[in-house]
Each structure stands twice: as C-alpha cells, then as structure tokens.
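Chemist: What follows is a structure written as structure tokens; I'll ask about it next.
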Amino acid sequence: MKKVVVGITGASGSIYAKTLIDELLKHEIHTHVIFTETGKKVMEYETESLVDSWIESLEKNFRHFTLEDNNNLFSGVASGSYSFDAAIILPCSMGTLAEISQGLAKNLLCRVADVAMKENRKLVIVPRETPLNAIHLENMLKLSRLGVSILPAMPGFYHRPTSMEDLIDFVVGKIFDHIGIENNLFDRWGN
Ligand SMILES: Cc1cc2nc3c(=O)[nH]c(=O)nc-3n(C[C@H](O)[C@H](O)[C@H](O)COP(=O)(O)O)c2cc1C
C-alpha cells in the first residue's frame, strides 16, 4: 500500500477523516486529500477549527501529503494511469453517493471513485445519513454489487469504548482492515 486518495464530502463526521489521514501519514502512505466545497465547511463547523491551518501543518510535516483541488481534473489522480492503491470517501454524503453510483465524474472526487472502479482498485465508501431512504439504499446496493466496500460509520460497542477516540479508531481500523493495512486501532474480538 503506497498511495491512497481520501475524499471528504459535506456529510457529518469529518472527524473520522482527520484520524484516518493522520494514521495513513504515520504509516508512510502517500495520502492525496480532496475536499468538496461543503466538505470543508462542515469539517470546520464540526471540529471548530480551520481546515487551512491543519492542511498547512500537514504540508509542512509530511512530504507524502498532497492536497488536491476538487475542480482540477488535470490532477494525476484523475487518470487510471496514475496507480493509487485505494480510494476512501469519508464521510460520504448521499449526494456524492448518488453521483458515484450514476457514473458521474464531474469533479475530481467522483472521478477518482470512477477510476478506482474501472481499474478494479479498492474503493471504500463510508456513507453517513440516518435514516436511509430507498434511493440511498439502492445506490449503496448498486455500488456494493460492483465491488465497492460500503462501510458505514457504525462503531461497535463490544470493545467497550470509553471515549470518542475509541469510537473513531474503531471505524478507521475497519477501513484499514479493508484496504489491507495492519493495525491495532481497535480490540479484536477473541484477542
Ligand atoms: C452540518 C451539516 C451536516 C450534514 N450532514 C449530512 C449527512 O450526514 N449526510 C448527508 O448526506 N448530507 C449531509 N449534509 C448535507 C450535504 O452537505 C449536502 O447534501 C451537500 O450538497 C453535499 O455535497 P457534497 O457531497 O458535494 O459534499 C449536511 C450538511 C450540513 C451543513
């Protein structure tokens, strides 16, 4: 696992993406990050912090971090010839889910999802909405049948979490398991 693309949309729960990105960088994985316009706004609202300063510190501290522009379809990651290993959309709004399930690739984030599917690379979608209507469910089913991992941000409680970090680490650990990165982010049943 060398290169991963993370897409952050305007669904609730971008706090998960912060931990995911920190962990990917710790694992020396080249991490490309794409925000939708609303994704950036919702992250700032929910984490009560400025995305730009966080990005600046990542750019300063990690050479293997790249911020992508969602409008830049000339980016390397927009092409199947750029061999990223996996793409993760976290959190994924129902709007972006619908675009991906329809094969729309009008922005870089949706194009990356489209490329991952056409190149048979790992694509993990972490949808976030509740309750789910039939359109949401049908879109997820369609993508699941195409080999996409639909991994809702639904932390388990069997490991007896005591903090928000425990809940977040559980979801990030499950994503790592799905893209084949060894991790000890959560206590496994039976250990
Ligand atoms: C604070 C906030 C939380 C939101 N949470 C969700 C959510 O959990 N799931 C969802 O599908 N949309 C949610 N939305 C609505 C999306 O942001 C909206 O549909 C947007 O158009 C998604 O665009 P994007 O997919 O390009 O980011 C939320 C909006 C706001 C302002």
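The values are calculated or read from the model by the stated rules, or taken from the named source; none is laboratory data. Being a predicted model, the structure only gives us computed values, none of them experimental. All accessible areas refer to the heavy atoms of the entire protein, side chains included, with ligands and DNA or RNA removed. Shrake-Rupley method; radii C 1.70, N 1.55, O 1.52, S 1.80 Å.
Chemist: With θ set to phi - 60° and the Karplus curve 6.51 cos²θ - 1.76 cosθ + 1.60, what are the ³J(HN,Hα) couplings of the range 91-107 in order, to the nearest whole Hz, using x for Gly and Pro?
Modeler: x, 10, 6, 5, x, 5, 4, 5, 4, 5, 5, 9, x, 7, 9, 7, 10
Chemist: Something else about it: How far, in nm, would the chain grow between GLU59 and ASN183 when pulled straight, counting 0.36 nm per residue and subtracting the alpha carbon separation?
Modeler: 42.2 nm
Chemist: If you plug each phi of the range 75-82 into the Karplus form 6.51 cos²θ - 1.76 cosθ + 1.60 with θ = phi - 60°, what whole-Hz ³J(HN,Hα) values come out, in order, with x for Gly and Pro?
Modeler: So the J values, rounded to whole Hz, are 4, x, 5, 6, 10, x, 6, 8.
Chemist: Turning to a different aspect of this structure: Within the chain, what percent of beta bridges assigned by DSSP are antiparallel, to the nearest 5?
Modeler: Details: 0 of 21 bridges.
So the antiparallel bridges in the chain amount to around 0 percent.
Chemist: Now, a different point. If the convex hull of the alpha-carbon atoms of the chain is projected onto planes in all directions, what is the mean projected area in square nanometres?
Modeler: 10.8 nm²
Chemist: At 1.4 Å probe size, with the rest of the protein present, what percent of the exposed accessible area of the chain is carbon and sulfur atoms?
Modeler: 50 percent
Chemist: Hey, which of these cross-link pairs are over 20 Å Cα-Cα: LYS122/LYS174; LYS3/LYS40; LYS3/LYS118?
Modeler: Those over the limit are LYS3/LYS40.
Chemist: For the chain, what's the relative contact order in percent, using C-alpha pairs closer than 8 Å and at least 6 residues apart?
Modeler: Computed over the chain, the figure is 22 percent.
Chemist: Can you list residues from other chains, or at least 5 along the same chain, whose modelled amide H is less than 5 Å from the amide H of VAL33?
Modeler: Distant-sequence amide H within range of VAL33: VAL6, THR66, LEU67, GLU68.
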